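Read through the structure below, which is laid out as structure tokens, and then see the notes.
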Amino acid sequence: MAELNTAPWTPTQTRAQFGAIGRLRWQMYRNGFRRKGGKSDLIATVMVAPIALAVVGGLCAGACAVGLWAGFSGHIERVSWALWGIFLLSQLANLNLGQPGTTFDPRQLIRFPMGVWSFTAVRLFFGILAPGNIIVTLMSLSVAVGLTISTAGIAGWAFTAATIFAVVNVLFTQMIFAWVDRWLSTRRAREAF
């Protein structure tokens, strides 16, 4: 049996692991364009990106308008309508904009020496840059901007609440995907689905 190294784990090693994971994700993205139809996907992505940015900008402007309306009308509790809409939109967006094809599963890192906190951070923040998560964060902050413009005295509370809402929404989405992944790990569940 090989001897285990009992030296303490250093922050330098943790940074090196996160750097390796980042490089791996970048290589997987680049290699996706080498497959058959990869160049067509790149062209389609470049052509659709301005339209998608316009849609996201419109959604953010609408969320800001709701924040403005709620602040100017004196009914700040009506911001909850926008937040429920953002929540439902983010769940639908994450389901529809999920990355197709082969993706990297962070559970494969269990066999490498990694601290518990590092693994937890990788697992939690692995999908943080998913399009649906970015959209929900921008829309939540847009509502806070609208509230801040209309009622300047609640700027700190508005941004704190919007940030907490976005974080909870992103973590909820991660939890849902972890459950679905777990359910679909068995053959019987995949056949039923």
Out of Ala54, Ala49, sole residue that is open to solvent by less than 50 Å² (accessible area, probe 1.4 Å), among the aliphatic types (A, V, I, L, M) and in a helix (DSSP H, G or I): Ala49
Verdict on Gly62 being open to solvent by less than 80 Å² (accessible area, probe 1.4 Å) and closer than 30 Å to Gly146 by Cα: yes
Test: residue in segment 84-91 that is β-branched (Val, Ile, Thr) and either under 19 Å from the mean Cα position of the chain (by Cα) or not in a helix (DSSP H, G or I) (or both): yes
Residue satisfying condition, being farther than 15 Å from Ile134 by Cα and at pLDDT below 90, within set Gly62, Gly67, Gly71: Gly71
From the options Ile149, Ile164, Ile134, residue that is open to solvent by 60 Å² or more (accessible area, probe 1.4 Å), touching a Leu at 6+ places or on another chain (Cβ under 7 Å) and at pLDDT 70 or above: Ile149
Selection status of Trp157, open to solvent by 60 Å² or more (accessible area, probe 1.4 Å) and farther than 28 Å from Ser80 by Cα: no
Unmet requirement for Tyr29, which otherwise passes all of (1) open to solvent by less than 100 Å² (accessible area, probe 1.4 Å); (2) assigned to a helix (DSSP H, G or I): (1)
Among (1) modelled with pLDDT of 80 or more; (2) over 23 Å from the mean Cα position of the chain (by Cα) - the single one Arg111 does not satisfy: (1)
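The values are calculated or read from the model by the stated rules, or taken from the named source; none is laboratory data. None of these values were measured; they are calculated from a predicted model. Positions of Cβ are generated from backbone atoms using ideal geometry, with glycine treated the same way; all protein chains shown enter the neighbour counts. Note: accessible area is taken over every heavy atom of the protein model, side chains too, but ligands, DNA and RNA are not part of it. Shrake-Rupley method; radii C 1.70, N 1.55, O 1.52, S 1.80 Å.
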